[in-house]
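*Asks:* Have a look at this one.
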Amino acid sequence: MAEYHLNGPLTDADVEQLNVGDIVYISGEVFTCRSRLQKYVFDEKNTLPFSTEGRNILIHNGPIIIKENGKWKLVSFMPTSSIRFEKWGAKSVDQWTLKMIVGKTTMGTETAEMMKAKKCVHVSPRSVSPNLWIDSIEVQDVHLYDELGRIEAAWFFRVKDLGPFIVDIDTKGQNLFDRMDETIAKKKEQALRDLGIDPDYQFTKLY
């Protein structure tokens with residue numbers, strides 16, 4: 001496991017050196033999205049109103065931001081679960097020329113295959129520290145605020161050493177969570193044997 005401090009916009013070389021399990025901190029310009037932005041672009045066929053050239057790090061996030069003295073103020077920030085957006089994952093990597101997606105959990109096979117083809121990675125927060133990150137984030141701008149609302153809008157941030165994140169999908173198609181699932185399944189089998197529990201047992205249904 002290695003540790004990297006990367007500056008955006010990211011290059012192929014930046015992400016190709018990463019392997020699942022590596023720790024990453026990111027600096028540079030990023031943007032956010034949740035389901036509504038992806039639906040707006042990919043399902044409803046609207047044009048993304050900004051260029052992702054030079055801003056190829058996407059954070060799956062709906063930040064809490066207020067306006068104070070005429071300026072945007074970040075109140076709380078935490079990436080949300082990326083697997084919720086698997087429907088649009090491959091399209092966002094391809095059409096938005098992404099090099100990194102930041103989000104909790106991981107993504108599915110289709111997105112991982114596109115990441116391998118386009119040289120992109122997925123990273124997940126190593127710890128839950130939403131308010132410890134605020135000092136590392138500067139709010140720059142917002143797009144589609146009126147159309148999508150404050151949480152679902154595309155926010156532009158400048159970040160400095162934001163992290164730590166752990167690489168869970170790399171450009172080789174490896175998935176850290178798949179490996180963990182395999183390890184857990186093996187240990188579960190051994191635990192059931194040690195406890196004398198039938199491996200075909202079913203959980204009690206309360207309802």
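The values are calculated or read from the model by the stated rules, or taken from the named source; none is laboratory data. Bear in mind that the values here come from a model prediction, so they are computed numbers and not experimental data. Positions of Cβ are backbone-derived with ideal geometry, glycine not excepted, and every protein chain shown enters the neighbour counts.
*Asks:* Going residue by residue through segment 32-49, is there one that turns out to be closer than 17 Å to Glu138 by Cα and either in contact with a strand residue (DSSP E or B) (Cβ under 8 Å, 6 or more places away or on another chain) or free of Cβ contacts under 8 Å to residues at least 12 places away in the same chain (or both)?
*Replies:* yes
*Asks:* Collect the residues in segment 53-77 that are of a type in the set (Gly, Ala, Ser) and in contact (Cβ under 8 Å) with a residue 40 or more places away in the chain, keeping them in residue-number order.
*Replies:* Of all residues in segment 53-77, those of a type in the set (Gly, Ala, Ser) come to 54, 62, 70, 76.
Selection gives Gly54, Gly62, Ser76.
Table: residues versus (1) closer than 22 Å to Gly54 by Cα; (2) exposed (fewer than 14 other Cβ atoms within 10 Å of the Cβ); (3) touching a Phe, Trp or Tyr at 6+ places or on another chain (Cβ under 9 Å).
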position: Ser92; (1), (2), (3): yes, no, yes
position: Thr97; (1), (2), (3): yes, no, no
position: Ala117; (1), (2), (3): yes, yes, no
position: Ile166; (1), (2), (3): no, no, no
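*Asks:* In segment 21-54, which residues are farther than 15 Å from Leu148 by Cβ and surrounded by fewer than 21 Cβ atoms within 10 Å (Cβ to Cβ)?
*Replies:* Gly21, Asp22, Ile23, Tyr25, Ser27, Gly28, Glu29, Lys45, Ser51, Thr52, Glu53, Gly54
Yes/no per residue for (1) modelled with pLDDT under 95; (2) more than 21 Å from Tyr4 (Cβ to Cβ); (3) touching a His at 6+ places or on another chain (Cβ under 6 Å):
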| site | (1), (2), (3) |
| --- | --- |
| Lys91 | no, yes, no |
| Lys104 | yes, no, no |
| His122 | no, no, no |
| Pro125 | yes, no, no |
| Gln140 | no, yes, no |
| Ala154 | no, yes, yes |
| Val159 | no, no, no |
| Pro164 | yes, no, no |
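*Asks:* Go through segment 129-159 and give me each residue that's in a strand (DSSP E or B) and touching a helix residue (DSSP H, G or I) at 6+ places or on another chain (Cβ under 6 Å).
*Replies:* As a first pass, look at segment 129-159 and keep what is in a strand (DSSP E or B): 137-143, 154-159.
Selection gives Ala154, Val159.
*Asks:* Conditions first: (1) in a loop (DSSP other than H, G, I, E, B); (2) within 24 Å of Gly54 (Cβ to Cβ); (3) of a type outside the set (Lys, Arg). Leu162 passes all but one, so which condition is the exception?
*Replies:* Exception for Leu162: condition (1).
*Asks:* Among the numbered criteria (1) surrounded by fewer than 15 Cβ atoms within 10 Å (Cβ to Cβ); (2) of a type outside the set (D, E, K, R); (3) over 15 Å from Thr32 (Cα atoms), which single criterion is violated by Tyr145?
*Replies:* (3)
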